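Reading through the structure tokens given below for one structure.
The values are calculated or read from the model by the stated rules, or taken from the named source; none is laboratory data. This structure is a prediction, so every number in the text was calculated from the model and none was measured. Positions of Cβ are generated from backbone atoms using ideal geometry, with glycine treated the same way; all protein chains shown enter the neighbour counts. For accessibility, only protein heavy atoms count, side chains too; no ligands or nucleic acids. Shrake-Rupley method; radii C 1.70, N 1.55, O 1.52, S 1.80 Å.
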Amino acid sequence: MPPIARPPLPRGALRVAGEILPWCGAIAYPVVLNVTMRGSWQGFSPPMLLLVAVLTVLTAGLLRRGPLPALALLLAGGFAAVAARAMLEVGFLQVLISDLAVGYIAATRPRRTSLTGAVMALGTQAASALYFPSGQGAYVQTLAFVVVALAAAWTAGDSIRERREHAEALYSQATAQAVTAERLRIARELHDMIAHSVGVIAIQAGVGRRVIDTQPDEARNALAAIEATSKETLAGLGRTLGALRRAETGAGAGAGAGAGAGAGADRAPRDPAPGLDDLDRLAASAEGAGIRVDVRWLGERRPLPADIELAAYRIVQESLTNVARHAGTRDCHVTVDYRADELSVEVENGGGNGHAPETGAATGWGIVGMRERIVLLRGRFTAGPIPGGGFRVAARLPLPEGVRLP
């Protein structure tokens, strides 16, 4: 007849057993230690010493689950050992184990819990010192040593806890600042890109509406400009959304690094970010909206970092948008100066009312966004009316060492 298979124990029972059995061993620890010390007059028994060592490690390991109950069992074991065998070696070992436990609690638990543990350890150690035959002066010295050692252990553990909490606070603050900076960057990109495009579309739509009956060719040109601007805006939105999706999936990029070129191509942006080479196209788009743009290039043109070129492009784009919206003139002068150690970008519109366009939350975020871009690149930014009427925006962007001229 084959043996009957026993059903396996449920996981819940195993979990309960794993919680209860270690505590049962820890409760037996003071008793075993007292018995071992009492029998040490005839010599220590190796099996009992091994059992004491195992139970000490087991009880110390329970400090993570229940710090104060585990500390109480460690202190009870140490007190039982000293009561059974009042030897200096046993007393010093008790102080070492209990102080290490207090230091661990101070490093991993709130201060109220660690102070409670320190008071428990101090009371137990002071009571244990009474078992050593000594005079009044010797007891005071022993008590002073106990207090100093315990204070040092608690202070070291509490310092570790404070440093860890400080590091966690700094990490959380840095994470929050990074999230805020990324939100501001996305907001600037969307504002600069969409505001310019919508401004051009609004102007062209107004032109088309006024001349659709009398000048059909001009109306068709306005519609063509609206179509081109809309496509460009959609492409820019696609780049921004693609960058956001890559940022969201960046955590899993390492795992999928070997997925092949196809996956990498899906994550790549469809078009590069705009730069200074796109200023002529931007000027042509603005001229289609009725703004006459004069672009002057000074200095030796050379490739610059993408973030500097993008910032310069956005400065010109936002300035042209402000001219279309707020200036009383349609003439605009753009100067791009490649200097030895910096890039200078100036946008001026002559005449007009000379009022600052979009200087705050009440009217928009154009000037604020431009200033933030330049400050992030450690540059200088000025914007304001100029003598004789008009408005000027000027930005100075320092160049990295690799692209500076000697």
Taking r as the C-beta separation of Val368 and Leu115 and R0 as 45 Å, the FRET efficiency to the nearest 0.05 is 0.35
Selection of trypsin sites (Lys or Arg not before Pro), the stretch 364-401, meeting DSSP coil and at most 13 other Cβ within 10 Å
Arg378
If you roll a 1.4 Å probe over the stretch 148-227 with all protein chains in place, what percent of the accessible area is carbon or sulfur?
63 percent
Given H placed 1.01 Å from N in the peptide plane, which residues other than close sequence neighbours of Arg339 have an amide H under 5 Å from its amide H?
Ser344
State, as an integer percentage, the relative contact order of the stretch 74-135 based on alpha-carbon contacts under 8 Å between residues 6 or more apart.
44 percent
If R0 = 30 Å, then Ala174 and Asp277, at their Cβ-Cβ distance, give a FRET efficiency to the nearest 0.05 of 0.25
For Met87, list long-range residues whose amide hydrogen, built 1.01 Å from N in the peptide plane, is under 5 Å from its own amide hydrogen.
none
Beta carbons within 10 angstrom, averaged per residue: use that to sort the peptides 140-149, 77-86, 119-128, highest first.
77-86, 119-128, 140-149
At what distance in nm do the modelled label points of Ala127 and Thr335 sit from each other, each positioned 7 Å from its Cα along Cα→Cβ?
8.7 nm
Rounded to the nearest Å, what's the spacing between the alpha carbon centres of the stretch 78-137 and the stretch 45-64? Just the number, please.
17 Å
Please list the non-local residues whose amide H lies under 5 Å from the amide H of Leu399, H modeled 1.01 Å from N, same-chain partners needing a gap of 5 or more.
Glu342, Leu343
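Would you mind getting me the FRET efficiency between Ala187 and Met87? Use the beta-carbon distance for r and R0 = 60 Å, nearest 0.05.
After rounding, the FRET efficiency stands at 0.25.
Would you mind calculating the relative contact order of the stretch 79-190 from Cα pairs under 8 angstrom and at least 6 residues apart, reporting the percent as a whole number?
33 percent
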Give a quick list of trypsin sites (Lys or Arg not before Pro) in the stretch 288-343 that DSSP marks as loop, anything other than H, G, I, E or B, with at most 16 other Cβ atoms within 10 Å.
Arg301, Arg339
Rank by packing, highest mean first: peptides 398-404, 95-101, 279-285, with packing defined as the count of other Cβ atoms within 10 Å averaged across residues.
95-101, 279-285, 398-404
